[in-house]
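Below is a structure I'd like to ask you about.
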Amino acid sequence: QVQLEESGGGLVQAGDFLSLSCAVSGRALGAYFMGWFRQAPGKEREFVAAISWSGGNTYYADSVKGRFAITRDNGKNTMRLQMNSLKPEDTAVYYCAAHLGLVMATTSQEYDYWGQGTQVTVSS
């Protein structure tokens, strides 16, 4: 069984930055592709970013490209999402997820394990 736990959410102003962390336990992080998703009130969960096993390949939603950066440290079993130049439309609950597969995944249905989520609120 794999457990994921997010941390680092909070309330910030537009233009500020936040760094989210995802701690993985139960199995070595290196076995998984990892991703971040978010869900705003009244909206479906949407893909934010994904990272390959080694961290050498990353993929971002167009809405966050150039502002967010996903990284991982397999030795520490952690993953991060650095979020810069935050906008009010980035307000959502952010989830980290793990995907046991052979290719990068960008849809929630492809992910096998999920954290509980952490709230990010960006005021204008």
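The values are calculated or read from the model by the stated rules, or taken from the named source; none is laboratory data. Predicted model, so just to flag it, every value in this text is computed and none were measured. In this analysis, Cβ positions are derived from the backbone assuming ideal geometry, glycine residues included, and neighbour counts consider all displayed protein chains. When the accessible area is computed, the model is the full protein with side chains, heavy atoms only, and any ligands, DNA or RNA have been set aside. Shrake-Rupley method; radii C 1.70, N 1.55, O 1.52, S 1.80 Å.
Considering the stretch 48-76 alone, what residues qualify as being in a loop (DSSP other than H, G, I, E, B) and at pLDDT 95 or above? Walk me through how you get there before you give the answer.
Taking the stretch 48-76 and keeping what is in a loop (DSSP other than H, G, I, E, B), we get 52-57, 61-67, 74-76.
Selection gives ALA61, ASP62, SER63, VAL64, LYS65, GLY66, ARG67.
Also, I was wondering about something else. Scan the stretch 1-26 residue by residue and report those that are β-branched (Val, Ile, Thr) and under 17 Å from THR91 (Cβ atoms).
Pass one, the stretch 1-26, residues β-branched (Val, Ile, Thr): 2, 12, 24.
If the condition is that a residue be β-branched (Val, Ile, Thr) and under 17 Å from THR91 (Cβ atoms), then VAL12 is the only one that fits.
Tally up the residues in the stretch 66-83 that are buried (at least 20 other Cβ atoms within 10 Å of the Cβ) and closer than 19 Å to LEU11 by Cα, please. Before you say what the answer is, go through the steps one by one.
Residues of the stretch 66-83 that are buried (at least 20 other Cβ atoms within 10 Å of the Cβ), as a first pass: 68, 70, 72, 79, 81, 83.
The next check asks that each one be closer than 19 Å to LEU11 by Cα; those that pass are 68, 81, 83.
Result for the stretch 66-83: 3.
Does TRP114 fit the bill of being open to solvent by 10 Å² or more (accessible area, probe 1.4 Å) and at pLDDT 95 or above? Can you show your working first?
On the way: open to solvent by 10 Å² or more (accessible area, probe 1.4 Å): yes; at pLDDT 95 or above: yes.
In short, yes.
Filter the stretch 24-46 for residues that are assigned to a strand (DSSP E or B), open to solvent by 40 Å² or more (accessible area, probe 1.4 Å) and at pLDDT below 95 and give the result. Before the answer, list the steps.
At the first step, the residues of the stretch 24-46 found to be assigned to a strand (DSSP E or B) are 24-25, 33-39, 46.
Retained after the next criterion (residues that are open to solvent by 40 Å² or more (accessible area, probe 1.4 Å)): 25, 39, 46.
Result: SER25, single match.
Mind listing whichever residues of the stretch 1-12 are more than 16 Å from the chain's Cα centre (by Cα) and open to solvent by 60 Å² or more (accessible area, probe 1.4 Å)?
GLN1, LEU11
When you check GLY15 against the structure, is it in contact (Cβ under 8 Å) with a residue 24 or more places away in the chain and more than 11 Å from the chain's Cα centre (by Cα), yes or no? Break it down into steps so the answer makes sense when it comes.
On the way: in contact (Cβ under 8 Å) with a residue 24 or more places away in the chain: yes; more than 11 Å from the chain's Cα centre (by Cα): yes.
Yes: the conditions hold for GLY15.
Check whether at least one residue in the stretch 84-97 is of a type outside the set (Lys, Arg), in contact with a helix residue (DSSP H, G or I) (Cβ under 7 Å, 6 or more places away or on another chain) and either at positive phi or open to solvent by 50 Å² or more (accessible area, probe 1.4 Å) (or both), and report yes or no.
No: zero hits.
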